[in-house]
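Data first, discussion second: the structure below is written as C-alpha cells.
The values are calculated or read from the model by the stated rules, or taken from the named source; none is laboratory data. In this text the structure is predicted, and so the values were computed from the model without any measurement. Positions of Cβ are generated from backbone atoms using ideal geometry, with glycine treated the same way; all protein chains shown enter the neighbour counts. All accessible areas refer to the heavy atoms of the entire protein, side chains included, with ligands and DNA or RNA removed. Shrake-Rupley method; radii C 1.70, N 1.55, O 1.52, S 1.80 Å.
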Amino acid sequence: MSTTVNPSGAGTPAGAGGAHLKGMARGGGLNLVGAVCNQAALFAIMAALAHVLGSADVGRYAECFALLSLLGLVSLAGFRSALTRFVAIHLADDDASGLRGTVRLGLGTTVAGATVLGLGLAAVAPWVADYFHDPRMVTGIRLVALTLPAATFSDAALAATQGWRTQRPFTYIGRIYEPVVRLALTAAALALGAGLVGALWALAIGAWTAAALAAWSLYRRMRLAPQADPVYRIREITSFSMVSWLSALAATGLIWAGTVLLGNLRSAQEVGVFNVSTRLVMLAVFVMAPINAAFSPHIAHLHHTGQNAELARTYGSATSWIVRLSMPAFVLLVVFPAELLRVFGHGFRTGAAVTVILAAGQLVSAAAGPCGTVLTMSGRVWLNMVDNVGVLVLDIALSMWLIPAYGAVGAAIAWSAALVVANVAKATQVRFTLGVAPSGAGIGKALLAGVPAVAAAMLVHRYVPGWLPTLVVGAVVVTVAYLAAVLLLGLSQDDRTMLSALLRGRGRVGRVVAGRTSTPGA
C-alpha cells in the first residue's frame, strides 16, 4: 500500500503545482459556464415540454433521451476516456505516430458502431415501443436512430481535443452550442405545433451540426501536429477502452435505469415526474462534470509523468471546489423541493419526496469528489468498471423491488442507495491504490458553511408566503448566508491560487497550441 499524500498540498512547495492548478482552474471555469448553459437548456426544454405537452410527453422525451444516452455509450465502446487519456500521453511523449493512430482508431471504431446500431434501432423501433407499452414512441425511436451517429462522433472528437488539455472545443461545441441550438429549435417546433416529434427533430439537427463543428476543431489540432505514419496500438487501447466502456455503460445505466424501469413497470406520467426531479437534482451537481472534464487530462499527464504529490494536490482541490460550488443548490433542493417543482406546473408537485431523496445521494457523490475519474485516468479502469457494474446491479435489483410498490419514490431510493455505495467504494480504492485521500479542510468548511444557509432557508420557508416569492427570496438568502460563511471560514492557499487563475482567465484569448504540452491549457 502506498503512502497517503495530503491532497491539500501541505508539504508541497508553493509554486510546484501552480501550473496544473491554474490550468485546471481555467478549464474548470470555462466548463462551468458551459455546464450552466447545458443544464439551463435541459431545464428549459423540460419545462417547455411540461407546459405545452404535459407530463406524459415529458416522459416519452425522457425515455428517448435515455435510449440515445445508453446507445451512445455502447457506440463509443469506451473510446471517450481512451481518446482523452492516450492523446494526452502521446503528446507528453511527443509521439506523433501514436497520436494519429489513436485518433483514427477511436473515431473509426465509434462511428462504425453507431451507424450499425442506428440502422438496427430504426428497424426494430416498433418492438422497442412495445417494451414501453406505447406505440406513439415509434417515430421518436427512429429519430434517436438518426441522431446516434452524429452524437457519437461529436463525443469522440471532442474527447480527443481534451487530450491537448484544453476545454474550449468541448465546452463551446458540446456544452454551449449544441444545447442552445436544441433549445431554440425545440421552442420553434412547439410554437409551430410540431409537438414531441418536432422536439426530437431538434435533438437530431443539433447533434448533426455539432458533429460538423467537432470535426473541424479536431482537424485544426491534428493539422498542426508533426506529420508521421500512424501507429495503431490496438491491443493497448482496445483493452483500456473495453473496460472503460463497461464502466461508462454501467454508470449511465445507473442514471437511466430508474427511468426505463418506471416506463415498463408503472406509467409515462411517473416517468415524467421522476425525470423532472432528476433534472432538478442534476442542477445541484452540474459543477461535477465540468470539473471532472478539466481534471481528466491533468490526471493522465501527472500520473504518466510520476508527479504523485501534484496529483494528490490537484485531486484535493477539485473535490473541495465540487462540494463548495454544489452546497447552495443542495440547500435549496432539500428546503424548497415543492416550490422548485411548481416551476414545471401543478402536476409535478408529487415529486418533492423524490427530489429530496435524490439530493441526499448526490451530496455523498459530491463529497467523494472525482474518484472514478482518478481511477480511470491513472490506468485503474478495471476497478472503476467493477464498481459501476456492481452498483448498477444493485440499483436494478432495488428498483425492481421498490418501484411496483412505491413508484418514483422507490426508484429514487434505489438510485441514491447505489450512489452512496459506489462513491464510498471508489474513494476507498483511490486512497489505498494511489495513496490519495479525497478529504481536506475545504470539504469540512463547505459542509459547515451550509448550516447557516439551511437555517436561513427554513426561516424563509416559514415566514414568506407564496411559492414564487418563497423560492426567489430563499435563493437570495441562501446564497448570501452561504457566501458569508465561506468567507468567514477562509480559503486555503490552493483555493486562492485557483480563484486567482480563474478570474485572470476570464476573457483571455486561448494560447494553447496543438501538439505542445509544456503548459497546461484551459
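If you go through segment 257-299 one residue at a time, how many are under 13 Å from the mean Cα position of the chain (by Cα) and over 20 Å from F330 (Cβ atoms)? Residues flagged as under 13 Å from the mean Cα position of the chain (by Cα) and over 20 Å from F330 (Cβ atoms) within segment 257-299 amount to 4.
Can you tell me which condition I205 does not meet? The list is (1) outside any helix (DSSP H, G or I); (2) of a type in the set (A, V, I, L, M, F, W, C); (3) modelled with pLDDT of 95 or more, and all the others hold. Checking I205 against (1) outside any helix (DSSP H, G or I); (2) of a type in the set (A, V, I, L, M, F, W, C); (3) modelled with pLDDT of 95 or more, the one that fails is (1).
Rundown of residues vs (1) open to solvent by less than 30 Å² (accessible area, probe 1.4 Å); (2) within 30 Å of A96 (Cβ to Cβ); (3) not basic (K, R), yes/no style:
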| residue | (1), (2), (3) |
| --- | --- |
| L121 | yes, no, yes |
| H133 | no, no, yes |
| L143 | yes, no, yes |
| T161 | yes, yes, yes |
| I173 | yes, yes, yes |
| A187 | no, no, yes |
| G195 | yes, no, yes |
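Pairs meeting the criteria (first residue in segment 165-192 and free of Cβ contacts under 8 Å to residues at least 60 places away in the same chain and of a type outside the set (F, W, Y), second residue open to solvent by 20 Å² or more (accessible area, probe 1.4 Å) and not in a loop (DSSP other than H, G, I, E, B), beta carbons under 6 Å, at least 6 apart or on different chains) are I173/L213; L185/I205.
Condition check ((1) aliphatic (A, V, I, L, M); (2) closer than 30 Å to G351 by Cα; (3) touching a residue at least 12 places away in the same chain (Cβ under 8 Å)) across all residues:
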{"residue": "T209", "(1), (2), (3)": "no, no, yes"}
{"residue": "L218", "(1), (2), (3)": "yes, no, yes"}
{"residue": "R221", "(1), (2), (3)": "no, no, yes"}
{"residue": "A251", "(1), (2), (3)": "yes, yes, yes"}
{"residue": "I255", "(1), (2), (3)": "yes, yes, yes"}
{"residue": "T259", "(1), (2), (3)": "no, yes, yes"}
{"residue": "L265", "(1), (2), (3)": "yes, yes, yes"}
{"residue": "V276", "(1), (2), (3)": "yes, yes, yes"}
{"residue": "M288", "(1), (2), (3)": "yes, yes, yes"}
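Name the helices (runs of 4 or more DSSP H) wholly within segment 406-506 that hold at least 3 residues that are under 28 Å from the mean Cα position of the chain (by Cα) and modelled with pLDDT under 90?
Of the helices (runs of 4 or more DSSP H) lying wholly inside segment 406-506, those with at least 3 residues that are under 28 Å from the mean Cα position of the chain (by Cα) and modelled with pLDDT under 90 span 408-434, 441-463, 493-504.
Checking T314, T350, T355, T278 one by one, the residue that is of a type in the set (S, T, Y), open to solvent by less than 10 Å² (accessible area, probe 1.4 Å) and under 24 Å from M137 (Cβ atoms) is T278 and no other. Checked against (1) surrounded by fewer than 21 Cβ atoms within 10 Å (Cβ to Cβ); (2) over 17 Å from G316 (Cα atoms), A412 passes all but condition (1). The residue pairs whose first member lies in segment 295-312 and is under 15 Å from R380 (Cα atoms) and among the acidic types (D, E), whose second member is modelled with pLDDT under 75 and open to solvent by 50 Å² or more (accessible area, probe 1.4 Å), and whose beta carbons are closer than 6 Å, counting only pairs six or more residues apart or on different chains, do not exist in this structure. If you check A294, A289 for being open to solvent by 10 Å² or more (accessible area, probe 1.4 Å), assigned to a helix (DSSP H, G or I) and closer than 25 Å to A160 by Cα, only one passes: A289. G306 meets all of the listed conditions (1) part of a helix (DSSP H, G or I); (2) modelled with pLDDT under 75; (3) of a type in the set (G, A, S) but one, namely (1).
The set of residues from segment 380-408 being open to solvent by 30 Å² or more (accessible area, probe 1.4 Å), farther than 26 Å from E236 by Cα and out of contact with any Gly (no Cβ under 9 Å at 6 or more places or on another chain) comprises V393, L394, A397, M400, A405, Y406. Every listed requirement among (1) over 20 Å from N292 (Cα atoms); (2) in contact with a Ser or Thr (Cβ under 6 Å, 6 or more places away or on another chain); (3) open to solvent by less than 10 Å² (accessible area, probe 1.4 Å) is met by G106 save one, (2). Filtered by the rule that a residue be polar (S, T, N, Q) and touching a Ser or Thr at 6+ places or on another chain (Cβ under 6 Å), segment 225-269 gives S244, T252, Q269.
Determine, yes or no, whether L73 is under 30 Å from V276 (Cβ atoms), open to solvent by 20 Å² or more (accessible area, probe 1.4 Å) and in contact with a Leu (Cβ under 9 Å, 6 or more places away or on another chain).
no
Residues that are within 30 Å of V243 (Cβ to Cβ) and at pLDDT 90 or above do not occur anywhere in segment 366-376. For segment 219-239, state whether one or more residues are buried (at least 21 other Cβ atoms within 10 Å of the Cβ), in a helix (DSSP H, G or I) and among the small types (G, A, S). Checking segment 219-239: not a single residue is buried (at least 21 other Cβ atoms within 10 Å of the Cβ), in a helix (DSSP H, G or I) and among the small types (G, A, S). Within segment 321-334, can one find any residue that is in contact (Cβ under 8 Å) with a residue 60 or more places away in the chain, open to solvent by 30 Å² or more (accessible area, probe 1.4 Å) and touching a strand residue (DSSP E or B) at 6+ places or on another chain (Cβ under 7 Å)? Checked against the condition, which is being in contact (Cβ under 8 Å) with a residue 60 or more places away in the chain, open to solvent by 30 Å² or more (accessible area, probe 1.4 Å) and touching a strand residue (DSSP E or B) at 6+ places or on another chain (Cβ under 7 Å), segment 321-334 yields no hits at all. Every listed requirement among (1) within 22 Å of the chain's Cα centre (by Cα); (2) under 19 Å from F79 (Cα atoms); (3) of a type outside the set (S, T, Y) is met by P230 save one, (1).
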